[in-house]
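One structure below.
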Amino acid sequence: MFLDSDICGDDLPARTVSLTFDDGPGPETQAIGQFLFEHRIPATFFVIGRNAREHPVLLQQLVAWGHTVGNHTFNHPGLVDLIRRGGDVVSELMATDRLIRSLSVTPPLYFRAPYGSWREVHRSPDGAQKKPSIVANVLNQVPGLSHYIGHVHWDVCTCDYDFWRRGEPPAQCADFCMHEIRRVGRGIILLHDSFDDAALRDANRTRELVELIVPALKREGFRFVSLHDVPQIRSEMGAPTPTALS
């Protein structure tokens, strides 16, 4: 089911986070996946189909390490603008879905819209904002996508792309990330194991960032969970929310 509202992790217990990575696979993906596996941390990798097509063995390895592979479209377009132009949103998901389904993963599968582009914003005469998801409306009419839950948004944006674009060191990005995670206190964290932009992909230092913030979060008593344990997602799956998350 594609929901009109964003799926977030703000109903997770305090000091509980779920790590998610967008735009891969790329040069950093294997090292990040292995590092997290060695620390017994499950993560979700939202892959771009045209990148995933070049790395089928790596996708299998991520799954073998206990990570989740999610759908981030095939070409990384802004979906609201694509619909406005009369473009084919369904094919963007279906092309990547075929790659993910080949991994023999068990549904539901997760979807994250590129750039978080999920709805139009309308302003009513009284000034109130209404935000229907024209993307969800299209995708929910496709039986071949009924095994999805989305759009999975985030509670904490690490803004890693801004740091790498400016050529700043991972330690500086880590300081920002830790501040944001402490401020929010829980939820789904957005990082990037690669980028759609080639220059950013070459400048990416998210592996080093992860190697800094994971030990720091552990020292401060944070716990790491899979998206499967996010209460809003468990509710959509019809599964009870566990009383204690590990």
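The selection criterion, being of a type outside the set (A, V, I, L, M, F, W, C), free of Cβ contacts under 8 Å to residues at least 60 places away in the same chain, on the phi < 0 side of the Ramachandran plot and assigned to a loop (DSSP other than H, G, I, E, B), does not hold for Gln172. Looking at this structure, is Pro25 under 22 Å from Glu208 (Cα atoms) and of a type outside the set (Lys, Arg)? Yes.
Might you check whether a residue that is farther than 30 Å from Ser5 by Cβ, surrounded by fewer than 21 Cβ atoms within 10 Å (Cβ to Cβ) and modelled with pLDDT of 95 or more occurs anywhere in segment 143-166? Yes, the conditions are met somewhere in segment 143-166.
When segment 179-199 is filtered for residues that are touching a helix residue (DSSP H, G or I) at 6+ places or on another chain (Cβ under 6 Å) and not in a loop (DSSP other than H, G, I, E, B), the ones remaining, listed by number, are Leu191, His192.
Looking only at residues in segment 1-56 that are in contact with a strand residue (DSSP E or B) (Cβ under 6 Å, 6 or more places away or on another chain) and among the hydroxyl-bearing types (Ser, Thr, Tyr), the one that is nearest to Gly116 (Cα to Cα) is Thr20. Restricting attention to segment 193-216, the residues that are under 25 Å from His151 (Cβ atoms), of a type outside the set (Val, Ile, Thr) and touching a residue at least 60 places away in the same chain (Cβ under 8 Å) add up to 6.
For segment 212-240, give me the residue count where each residue is at pLDDT 95 or above, among the acidic types (Asp, Glu) and surrounded by fewer than 16 Cβ atoms within 10 Å (Cβ to Cβ). Selection size over segment 212-240: 1.
The values are calculated or read from the model by the stated rules, or taken from the named source; none is laboratory data. Because the structure is predicted, anything quoted here is derived from the model rather than measured. Heads up, the Cβs are rebuilt from the backbone with ideal geometry, glycines too, and the neighbour counts pull from every protein chain shown.
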